[in-house]
Amino acid sequence: MARARRTPFLIFQLLVYPMLDASTMRPTWWTESGSPTVSRDSKNDILRMYLRAYTSLTDPFVAPLRAENLRELPPALIITYKNDAPMRVESEEYVSRLTQDGVVAKLSLYPMVIHGFFLMAGDLDGGKKCIDEMASALRNAFKGV
């Protein structure tokens, strides 16, 4: 939306296991997800909390993966974890599309962690590493701003 409206000027995307497609009809929601952290029902509940009843789930402002192109978006760091196949696959696809459209993008995939792991930095090594990675990416993004 910021790109379409040309305001505000965004310099970086830092997304942590983001929801990038509002659909739960993608194959990974049915096949790869033995027990995803975010279930189809919980994803739909989350969408109902955030969206108006008449909002199209294919609207690119709701589902960035549905955008015609991702050109002119800011560089991105997308953090996700291995054990949540549906949202991990969306993140992988988003990074691939960003890269194809000329946007610098990195996917950081954390193994052996759970949903909310970066909030548990006091107890999980993966959480500590994630906080350090996010801080470093933000420092670099805001250098000279």
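The values are calculated or read from the model by the stated rules, or taken from the named source; none is laboratory data. Worth saying up front: this structure is predicted, and the values here are computed from it rather than measured. Positions of Cβ are generated from backbone atoms using ideal geometry, with glycine treated the same way; all protein chains shown enter the neighbour counts.
List of remarks:
- Applying the set (1) surrounded by fewer than 17 Cβ atoms within 10 Å (Cβ to Cβ); (2) modelled with pLDDT under 85; (3) polar (S, T, N, Q) to residue 24 leaves exactly one unmet item: (1).
- Taking the range 53-70 as the range and being closer than 21 Å to residue 100 by Cβ and of a type outside the set (Ser, Thr, Tyr) as the test, the residues that pass are 60, 61, 63, 64, 65, 66, 67, 68, 69, 70.
- Exclusive hit being exposed (fewer than 15 other Cβ atoms within 10 Å of the Cβ), farther than 19 Å from residue 11 by Cβ, of a type in the set (Gly, Ala, Ser) and within 15 Å of the chain's Cα centre (by Cα), set 56, 96, 91, 39: 96
- Positions within the range 65-84 being surrounded by 20 or more Cβ atoms within 10 Å (Cβ to Cβ) and within 21 Å of residue 42 (Cα to Cα), in sequence order: 79, 80, 81, 84
- Residue selection: residue 63 satisfies the criterion of being closer than 18 Å to residue 14 by Cα and in contact (Cβ under 8 Å) with a residue 40 or more places away in the chain.
- Qualifying residue in the range 119-142 (condition: closer than 23 Å to residue 7 by Cβ and either surrounded by fewer than 12 Cβ atoms within 10 Å (Cβ to Cβ) or free of Cβ contacts under 8 Å to residues at least 24 places away in the same chain (or both)): yes
- A Cβ distance below 7 Å, combined with a sequence gap of six or more or placement on separate chains, defines the contacts here; from the range 1-28, residues that are free of Cβ contacts under 8 Å to residues at least 24 places away in the same chain reach residues that are in a loop (DSSP other than H, G, I, E, B) in the pairs 2/8; 2/10.
Residues checked against (1) closer than 24 Å to residue 139 by Cα; (2) of a type in the set (Val, Ile, Thr); (3) in contact with a strand residue (DSSP E or B) (Cβ under 7 Å, 6 or more places away or on another chain):
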{"position": "44", "(1), (2), (3)": "no, no, no"}
{"position": "48", "(1), (2), (3)": "no, no, no"}
{"position": "58", "(1), (2), (3)": "no, yes, no"}
{"position": "79", "(1), (2), (3)": "yes, yes, yes"}
{"position": "94", "(1), (2), (3)": "yes, no, yes"}
{"position": "102", "(1), (2), (3)": "yes, no, no"}
{"position": "110", "(1), (2), (3)": "yes, no, yes"}
{"position": "114", "(1), (2), (3)": "no, yes, no"}
{"position": "119", "(1), (2), (3)": "yes, no, no"}
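- If you go through the range 121-145 and keep only what is among the small types (Gly, Ala, Ser), within 17 Å of residue 12 (Cβ to Cβ) and in a helix (DSSP H, G or I), you end up with 135, 136, 137, 141.
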